[in-house]
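The values are calculated or read from the model by the stated rules, or taken from the named source; none is laboratory data. Remember, predicted model here, so these are calculated numbers, not experimental data. Cβ: placed from backbone, ideal geometry, glycine included. Neighbour counts: every protein chain shown.
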């Protein structure tokens with residue numbers, strides 16, 4: 001494991017170079033959030049009773065604020081593009097000749113990047129949450145906070161493995177951008193990034209429960225808001241863990257098949 005700790009350390013050092021870029025990205029990323037919150041405020045102002053699908057205004061605002069927190073901790077940014085580039089440019093050849101697992105190597109770089117980004121994004125995000133503190137809901141108890149932490153860790157793994165598998169399509173196609181954009185768009189909708197999945201018709205929301213997408217964002221946010229508690233919380237965490245295991249197995253399968261198609265030529 002020593003070599004992977006070294007990769008993690010190098011990843012932290014390399015990512016720190018972009019800390020100012022991360023600060024600007026996190027700060028200006030709050031502008032769309034301001035627009036979304038303003039739209040929901042206008043919707044609730046014209047809504048008698050102030051409830052939409054059991055969400056009050058504070059719950060709805062907290063939903064999008066917690067999304068920002070989860071995104072900072074789990075979102076995949078450049079990793080899928082870098083993996084696809086390594087395959088196309090033949091850079092993975094060095095990993096085939098050394099005692100280093102490529103998936104673990106990329107996971108170390110992903111963790112280092114998320115760690116640095118989360119620390120830098122903490123300042124503007126916390127400042128924005130403080131401005132909206134009257135509408136920000138905290139987890140109801142310590143057990144909920146613990147369940148949220150576990151779920152966020154599983155969400156990060158699930159998002160990474162999903163992106164890793166998509167990037168491996170570069171073994172078969174020259175350009176994976178189309179697949180990545182399609183998957184991102186579907187995840188944006190089916191993961192609950194655009195709106196809470198509770199707002200969907202029950203049949204459609206129930207169908208999505210049989211996919212991994214709600215566990216990429218909607219599930220940990222629901223835990224934070226206290227909408228998933230007790231046995232349902234830990235059952236959901238178990239299902240999320242099973243999706244992580246399935247995603248890991250799929251990533252290994254695609255890698256083993258893809259590496260048979262791989263060829264590197266030239267000096």
For this session: Go through 168, 217, 161 for me and flag whichever is buried (at least 18 other Cβ atoms within 10 Å of the Cβ), over 13 Å from the mean Cα position of the chain (by Cα) and modelled with pLDDT of 90 or more.
Result: 168
For this session: Filter the helices (runs of 4 or more DSSP H) completely within the stretch 6-85 down to those with at least 2 residues that are over 22 Å from residue 153 (Cα atoms) and free of Cβ contacts under 8 Å to residues at least 60 places away in the same chain.
Result: 19-28, 30-45
Exercise. Within the bounds of the stretch 221-243, is there any residue that is over 24 Å from residue 142 (Cβ atoms) and either without any contact (Cβ under 8 Å) to a residue 12 or more places away in the chain or in contact with a strand residue (DSSP E or B) (Cβ under 6 Å, 6 or more places away or on another chain) (or both)?
Worked result: yes
For this session: Among the candidates 160, 171, single out the residue that is touching a residue at least 12 places away in the same chain (Cβ under 8 Å), touching a helix residue (DSSP H, G or I) at 6+ places or on another chain (Cβ under 9 Å) and closer than 18 Å to residue 214 by Cβ.
Result: 160
Exercise. Any chance the stretch 94-106 includes a residue that's crowded, with 21+ Cβ neighbours inside 10 Å, assigned to a helix (DSSP H, G or I) and in contact with a helix residue (DSSP H, G or I) (Cβ under 8 Å, 6 or more places away or on another chain)?
Worked result: yes
Exercise. Say we look at the stretch 112-149 and pick out the residues that are under 14 Å from the mean Cα position of the chain (by Cα) and surrounded by fewer than 17 Cβ atoms within 10 Å (Cβ to Cβ); which of these is nearest to residue 60 (Cα to Cα)?
Worked result: 149
